[in-house]
Amino acid sequence: MKYTEMVKQGQIKLFKSGIANADNDAWILLEKICCVSKVDYFTKMLEEVPKDMETAYFEAIEKRKSRYPLQYIIGEWEFMGLTFKVNENVLIPRQDTETLVETALRILDSDYRKEGTQLEVMDMCTGSGCIAISIAKACSDVNMTAVDLSEKALEIAKENAVLNHIDKIKFIRSDLYEDFAKDKVGYYEKYDMIVSNPPYINSKVIDTLMPEVKNFEPRMALDGDEDGLKFYRGISSQSNKYLKKDGCLIFEIGYDQAEAVEEILFKNWYKDIQIIKDLTGKDRVVIARKK
């Protein structure tokens, strides 16, 4: 089978299965499985595809037809211009979350940076590590701590740190702050900033999500309990102990959660609460500072 015929068949199969981005997904699978860029394709389109690649390509097409996420099939995805390994143990990095990282970087650059100082930043619920690694990659003067309950997620995050040549992240397995220890004289380690994209989807809503999400992405990384706010409460109520004076807490939120999260932060004695919108104009990030 020639390349041109193979990719066309892939596109048709995905389209008939209701895949929204059938053409694009078929192209990406061609690029990743056959190591053929779009530029290379036009010089090879009439060549015969090696049999093993043809077999692997159509196996991937069948997987995608079942609504298995494209990102998990190819095993990686791009975020903030970096490449991250992904599998079913971590959420797929999304462009929405880039707003959280961009906000954190802006605040670090404008409010905290002093020549010769090292800043301490924590990423709570790190998952693939995309937030922590992106911040560490952009800021040489930041010491990152990445926290997650899932050991398997932390394994992927550690691989992503190596993949992106970051060696200054401390990984901690903990259920929020449950496994954090005080030092010998009873003090908590303090951070200039805590960022988090916690599970925030209402439990009842998860089963209404697209099959790629509800059937394959890790539920523990999605489920924010009955109202979607469980982790905002848990993190907000404890983060004060770990933030320096005027330290910053930054959350990613669902588009309709700004008012509720703002109220949680206010009740937990945070100040200077701000809401940041994403590129589509939806509420996406909440910023607050320790009093």
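Read-outs throughout are calculated quantities, based only on the coordinates presented, and are distinct from any laboratory measurement. Since the model is a prediction, treat every value here as computed from it, not as a measurement. We place every Cβ from the backbone using ideal geometry, glycine too, and count neighbours over all the protein chains shown.
Observations on the model:
- Lys158/Leu279 FRET efficiency (R0 25 Å; Cβ-Cβ; nearest 0.05): 0.25
- For the pair Glu48 and Asn143, a Förster radius of 51 Å applied to the C-beta separation gives a FRET efficiency near 0.45, rounded to the nearest 0.05.
- Modelled spin labels at Asp40 and Glu189, positioned 7 Å past Cα toward Cβ, are 4.2 nm from each other.
- For Lys170, the amide hydrogen comes within under 5 Å of the amide hydrogens of Met144, Thr145, Ala146, counting only partners 5 or more places away or on other chains and with H modelled in the peptide plane.
- Each part reduced to its alpha carbon centroid, the stretch 58-100 and the stretch 187-255 end up 21 Å apart.
- In the structure shown, the pairs Lys214/Lys271; Lys13/Lys44; Lys65/Lys85; Lys65/Lys137 are assessed against 28 Å; a Cα-Cα span above that value is assigned to Lys214/Lys271; Lys65/Lys137.
- Per the Kirkwood formula applied to alpha carbons, the chain shows a radius of gyration over Rh ratio, Rg over Rh, of 1.03.
- Length added when fully stretched, Lys16-Thr208, from 0.36 nm per residue minus Cα-Cα: 66.9 nm
- Annotation for Asn240 and Glu78: the two label points, set 7 Å from Cα along the Cα-Cβ direction, are 4.4 nm apart.
- Taking 0.36 nm per residue of separation and subtracting the Cα-Cα distance, full extension of the segment from Glu31 to Thr55 would add 7.2 nm.
- Net charge in the neighbourhood of Gly18 (other residues with Cβ under 13 Å of its Cβ; Lys, Arg +1, Asp, Glu -1) is +3.
- Here is how the number arises for the chain: DSSP H runs of 4 or more residues each give -39500 (n - 2.57), the sum is divided by the residue count, and the result at 222 nm is -11500 deg cm²/dmol.
- Pair-distance profile P(r), taking every C-alpha pair of the stretch 3-66, with 10 angstrom steps and integer %: 24, 59, 18, 0
- Paramagnetic reach from Lys291 (point 7 Å along Cα→Cβ, amide N under 19 Å) across the stretch 227-248: 233-248
- The listed peptides 199-206, 265-272, 27-34, ordered by packing as a protection proxy, come out as 27-34, 199-206, 265-272 (highest mean of other Cβ atoms within 10 Å first).
- Highest mean packing comes first when the peptides 42-51, 252-261, 213-222, 12-21 are listed by Cβ atoms within 10 Å, giving 252-261, 213-222, 12-21, 42-51.
- To the nearest ten degrees, helix 98-107 and the longest principal axis of the Cα atoms of the chain are 40 degrees apart.
- Ratio of Rg to Rh over the stretch 79-167 (Cα coordinates, Kirkwood Rh, two decimals): 0.96
- Computed label-point distance, nm, for sites Asp167 and Phe180 using a 7 Å Cα→Cβ extension: 2.8 nm
- P(r) weight above 15 Å for the stretch 179-263, C-alpha pairs, percent: 63 percent
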